[in-house]
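> Sharing a structure, written as structure tokens. Questions coming.
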Amino acid sequence: MGRKKSATAVAKDESASSGVGLLVFTTVVGVGAGVGLYFWNRLKRRKASPQSRRCSKGVAMTHEQLDVLEGYKSKCTMSKDQLNALVDDFLRRMNEGLRSEGQMLKQLPSYVERMPNGEEAGEFLAIDLGGTNVRVVKVVLEDRKVKEVVAHEDAIPKALMRGTTKGLFDFIAKQVKLFMARHSARPTASGTKVPIGFTFSYPMKQTGIKNGELICWTKGFDIKDTLGKDLVGLLEASMREQEVEGEVFAILNDTVGTLAASRFADQDTQLGVILGTGSNAAYIESKGNISKLSAGGSDGGRMIVNIEWGNFKSDHLPYLAEDREIDEGTPNRGSQHYEKMISGMYLGEMARRACLRASREANLFGGTQRRRLEKPWSFPTSLVSEIDGLGSGRLPQVKKALSKALDILEASVSDGCAHFVTEVCRLIGDRSATLAAAGVAAIYRYLTQSGQVALDQRFVVAVDGGLFEHYPRYKDRMDKTFGDLLGGQAKRVELVHSPDGSGIGSAVIAAAAATSR
Ligand SMILES: Nc1ncnc2c1ncn2[C@@H]1O[C@H](COP(=O)(O)OP(=O)(O)O)[C@@H](O)[C@H]1O
Ligand SMILES: O=P(O)(O)OC[C@H]1O[C@@H](O)[C@H](O)[C@@H](O)[C@@H]1O
């Protein structure tokens, strides 16, 4: 049994228990008041900024989102003065590249000196190593026409882009072998071997139509032991190992092929442009102007020059913090700045970074969705063009596309957020097309000012590449910039989509090389 307590002891107990009671009571009141204050403030905040209320109804963006968007708009939109300054810079760099090696614009001689004239004929196999795919194309040229084109492409495994030279060229040779088995490419008059045109969509130094050495990789490739190697030799060695009976008659850049393919059909073609995984252009230059080549004088002839315009850089480019971040994450850090602002490999990543920034600074998509946005390279360019194509007039479909891409509930994407993303995608698409057009306009100015192209002449620009082909209203946006930069002369510049241009052009140039042997 417990011992009996004294009166003092009982009093202490009672005062202790009333002290504990008071403590419990003040704690409950304190916590209650804190919770009430928290919700009162939330309610006040919601009342204070009507925007947030409107955002929950999905009508508009919040002030913070509008601020972020305005920031992008002011940086991405280029004035005519800025565009003209950019063009002047580009012209200066073109001339530097013609005078000496190792310049910003490499201005690489292609050794294609006889311009296609439609007389080229025969059956050829074009092998095209691009930034995303290897394409094998059987081309039959007959009676001034492209009689047959059979193409097959396979995505290049990412591991091969950073593997070994032999691994890559064995993969290419395997694609050729599979294609020849599938499409029974026949030996031609040139003997038992199938004449091949090798389109190589990377900067290479050539000393003839049949040779090329890799200068540097771009896009997603980074295979150290290919630099300086004889690319035709590598391909022919891998083909021999795979018992593929083919002989490479020409190696060329895809811009050179695109120009040649279009010129085969239309003699007013002056420029070949690629807007695909990467971006680049080639044009026809008087050999006398390629002073690094014709130091000993020139025969007055012409040659197609591969500009390698992706490496262009200028203080007048609308460069964003996100461009710098993207560059940091690429294997060719510090180069190809112009390409990284234009081409398909990078536009999706730009959109992702812009949305991530808005998510951090302006609560776009709320907190949880941020995890999805934080994965580099997880936003495909096809999503940017899909959303840009829908536009802010079709926000329900935009929300559906975003919820699918980010794997989130459609209901969790407010109209204000969908509107923000649509505007950002439009800005990114506009910037890409404007910059690509500025490059074309610069070359137009160069050729007309040097008297190589008359002002009243058609200036046909052959364009190939998945970005130009699939991005909505890309051509229209380029045409608008031609108007801004060239005024009345803009009507001379005709953008022509040249599908399979680099493949057909490769066959056209191989045909010319085969006949001039
Ligand atoms: N729907 C699309 N909208 C915009 N760009 C696209 C779309 N689909 C593909 N692309 C872009 O096109 C590129 C592929 O271009 P393509 O010319 O076919 O291949 P490559 O660049 O390897 O020669 C992709 O890297 C991608 O950036
Ligand atoms: O056809 P793709 O892969 O988009 O390549 C376009 C351009 O991509 C650039 O990165 C290359 O330096 C160019 O040589 C090439 O023409």
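The values are calculated or read from the model by the stated rules, or taken from the named source; none is laboratory data. In this text the structure is predicted, and so the values were computed from the model without any measurement. Cβ placement follows ideal geometry from the backbone for every residue including glycine, while neighbour counts extend to all protein chains displayed. Accessible surface is based on the protein model in full, side chains and every heavy atom, while ligands, DNA and RNA are left aside. Shrake-Rupley method; radii C 1.70, N 1.55, O 1.52, S 1.80 Å.
> Kindly sort SER506, SER291 by accessible area of their heavy atoms, largest first, with the probe set to 1.4 Å. Mind showing how you got there, number by number?
Details: SER506 0, SER291 50 Å².
So, going from the largest accessible area down, we get SER291, SER506.
> Accessible area per residue of region 321-367 at 1.4 Å probe, in Å²?
Ligands and nucleic acids excluded, the figure is 31 Å² per residue.
> Moving to a separate point now. For region 394-461, what is the relative contact order in percent, using Cα pairs closer than 8 Å and at least 6 residues apart in sequence?
20 percent
> Going down the table (LYS73/LYS205; LYS80/LYS224; LYS138/LYS404; LYS147/LYS475; LYS158/LYS313; LYS205/LYS491), which pairs top 32 Å between alpha carbons?
Result: LYS73/LYS205; LYS80/LYS224; LYS138/LYS404; LYS205/LYS491 exceed 32 Å.
> Rounded to the nearest 0.05, what FRET efficiency do ASP456 and SER79 give with R0 = 30 Å and r taken as the Cβ-Cβ distance? Could you check? Walk me through the intermediate numbers first.
On the way: r = 29 Å, r/R0 = 0.98.
For R0 = 30 Å, the calculated efficiency reads 0.55.
> Averaged per residue, what accessible surface does region 76-218 expose to a 1.4 Å probe, in Å²?
Roughly 44 Å² per residue, with all protein chains present.
> For region 189-233 and region 361-401, what is the separation of their Cα centres, given in Å?
39 Å
> Give a quick list of trypsin sites (Lys or Arg not before Pro) in region 197-301 that DSSP marks as loop, anything other than H, G, I, E or B, with at most 11 other Cβ atoms within 10 Å.
none
> Using a 1.4 angstrom probe on heavy atoms only, work out the carbon and sulfur share of the accessible area of the chain in %.
Working: 12400 of 22920 Å².
The nonpolar share, carbon plus sulfur, comes to 54 percent.
> Could you put PHE198, PHE468 in order of accessible surface area, largest first, with the 1.4 Å probe and the full protein assembly present?
PHE468, PHE198
> Can you give me the Cα centroid spacing of region 245-289 and region 66-89 in angstrom?
After rounding, the separation between the Cα centres reads 31 Å.
> Taking only Cα atoms, what is the 0 to 90° angle, nearest 10, from helix 501-515's long axis to the longest principal axis of the chain?
20 degrees
> List every residue whose amide H lies under 5 Å from the amide H of ASN133, counting only residues 5 or more places away in sequence or on a different chain, with H placed 1.01 Å from N in the peptide plane.
Correct list: ILE156.
> In whole angstrom, note down how far apart the Cα centers of region 449-476 and region 105-135 are.
18 Å
> While we're looking at this one, here's another question. Listed highest first by mean packing, meaning other Cβ atoms within 10 Å per residue, what order do 167-174, 251-258 come in?
Result, highest mean Cβ count within 10 Å first: 251-258, 167-174.
> Further question: Return one whole number: the accessible area per residue of region 432-517 in Å², for a 1.4 Å probe.
Result: 35 Å² per residue.
> Any idea what angle helix 474-486 forms with the longest principal axis of the chain, computed on alpha-carbon atoms, 0 to 90 degrees, nearest 10?
Here the helix axis deviates by roughly 70 degrees.
> With both partners inside the chain, how many of the DSSP beta bridges are antiparallel, as a percent to the nearest 5? Walk me through the intermediate numbers first.
Working: 35 of 56 bridges.
For the chain, the DSSP antiparallel bridge percentage is about 60.
> Could you give the length gained on full extension between ALA155 and LEU227, defined as 0.36 nm per residue of separation minus the Cα-Cα distance, in nm?
Details: separation 72, 0.36 × 72 = 25.92 nm, distance 2.24 nm.
My answer for the length gained is 23.7 nm.
> Something else about it: If one takes the longest principal axis of the Cα atoms in the chain, at what angle in degrees, from 0 to 90 and to the nearest 10, does the Cα axis of helix 344-362 lie?
It works out to around 20 degrees.
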